[in-house]
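The values are calculated or read from the model by the stated rules, or taken from the named source; none is laboratory data. Computed from a predicted structure; not experimentally measured. FYI the Cβ positions are ideal-geometry reconstructions off the backbone, even for glycines, and counts take in every protein chain you see. Heavy atoms of the whole protein, side chains included, go into the accessibility calculation; ligands, DNA and RNA do not. Shrake-Rupley method; radii C 1.70, N 1.55, O 1.52, S 1.80 Å.
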Amino acid sequence: MSGQSNKGTAVVTGASAGIGAVYADRLAGQGYDLVLVARRADRLEDLAEKLRNAYDRKVSVISADLANDNDLRRVEQAISADDSVTLLVNNAGLGGAQVVATADADVAERMIKVNVVALTRLTRAVLPGLIARNRGAIVNIASVLAYDTSFGGIYSGTKAYVVNFTEALQREVADTQVKVQVVLPGATRTDFWEIAGSDIDSVPQEIVMSADNLVDAALVGLARGEAVTVPGLADPAKLDTFLGARQVFFGSLHANKPAARYAA
Ligand SMILES: NC(=O)c1ccc[n+]([C@@H]2O[C@H](COP(=O)([O-])OP(=O)(O)OC[C@H]3O[C@@H](n4cnc5c(N)ncnc54)[C@H](OP(=O)(O)O)[C@@H]3O)[C@@H](O)[C@H]2O)c1
């Protein structure tokens, strides 16, 4: 039987594979109890059993399709009612390099539902409890493709949403002890690529990270209270420069009349 965790419970979506499965392992190792969410119940159950045995933690499983409204609400209800929740890792996601003119509209919608809608609703489900208890964290998994549209606008658009949404969330909780982190993985060796119809072996291997390294780095960032974690970025000054330039740019976007070049 597991002992009571001081760390509370971490909810990890997309825990049946890849990055989410590594998060589940590392967080159990850090002393969190777990709620694992994904569609493939058999994989979740296998992982849960392995983690219970390895770390003596409480691990429960919710099999749910986060693109399905009823399933999503079921997860929301379960995690919003659980006062032990201290961490939500919004990791479940799917990708693809579809261009809009030829994309399967239903696939695109599923991508938006999982990457954007579920992430938003699950955040909404746990945030009031975290704020009320003044503890805990939300980790949202975006992608470096939030800043690059060359692989198609649908996936990139969903991840740009995750970045902006999370940044605004950081402002919301700034006066609390609640932490909010956005993680931007680059190419990471998981099933994601094959599911998206791409081949990770076609990517230069010097830019492909393992899921183990990615998650370990992201957790170091979280422990340090980092708001934006880009595990593959060697020089953090580049992120500061980028974000600073964006602020300067934004500061120049407002005027009470159109710029002279738009004179009719
Ligand atoms: N791998 C990369 O190169 C890379 C790069 C940047 C960002 N990311 C992001 O990292 C996150 C994790 O990706 P990964 O690389 O670990 O991919 P993965 O190995 O394919 O794992 C994706 C996880 O999401 C779950 N999932 C997918 N659709 C779902 C749905 N409708 N409902 C519930 N769960 C669903 C999957 O579980 P089930 O199939 O069992 O439902 C699986 O556990 C994603 O948000 C992805 O966008 C990945």
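Between the Cα long axis of helix 69-80 and the first principal axis of the chain there is an angle of about 70°, rounded to the nearest 10.
Taking amide H atoms as placed 1.01 Å from N in the peptide plane, the amide H of residue 34 lies under 5 Å from those of 10, 58, 59, 60, each 5 or more residues away in sequence or on another chain. Solvent-accessible surface of the stretch 9-236, averaged per residue with a 1.4 angstrom probe and all protein chains in place: 46 square angstrom. The calculated Kirkwood hydrodynamic radius for the chain is 19.3 Å, given to one decimal from all distinct C-alpha pairs. Sorting the segments 173-179, 11-17 by their mean number of nearby beta carbons within 10 angstrom, highest to lowest, gives 11-17, 173-179.
Computed over the chain with a Gaussian network model linking Cα atoms closer than 10 Å, the most mobile of 82, 240, 191 is 240. Among 137, 196, 125, the largest mean-square fluctuation in a Gaussian network model of the chain, built with springs joining Cα atoms closer than 10 Å, belongs to 196. Note on the stretch 1-141: Cα convex hull, mean projected area over all directions, 8.3 nm². 3J(HN,Hα) along the stretch 34-44, derived from phi through the Karplus expression 6.51 cos²θ - 1.76 cosθ + 1.60 where θ = phi - 60°, amounts to 10, 10, 9, 10, 4, 7, 7, 4, 5, 5, 5 Hz, with x in place of Gly and Pro. Relative to the dominant Cα principal axis of the chain, helix 18-29 is inclined by about 50°. The angle between the Cα long axis of helix 119-133 and the main principal axis of the chain comes to about 70°, on a 0 to 90 degree scale.
Taking 21 Å as the straight-line reach from the Cα of residue 50, the lysines in range (excluding those fewer than 8 positions away in the same chain) are 7, 58.
Remind me, relative contact order of the stretch 9-236 in percent, using alpha carbon pairs under 8 angstrom and six or more residues apart? Result for the stretch 9-236 is 19 percent. For the stretch 131-259, the fraction of 1.4 Å probe accessible surface lying on carbon and sulfur atoms is 57 percent.
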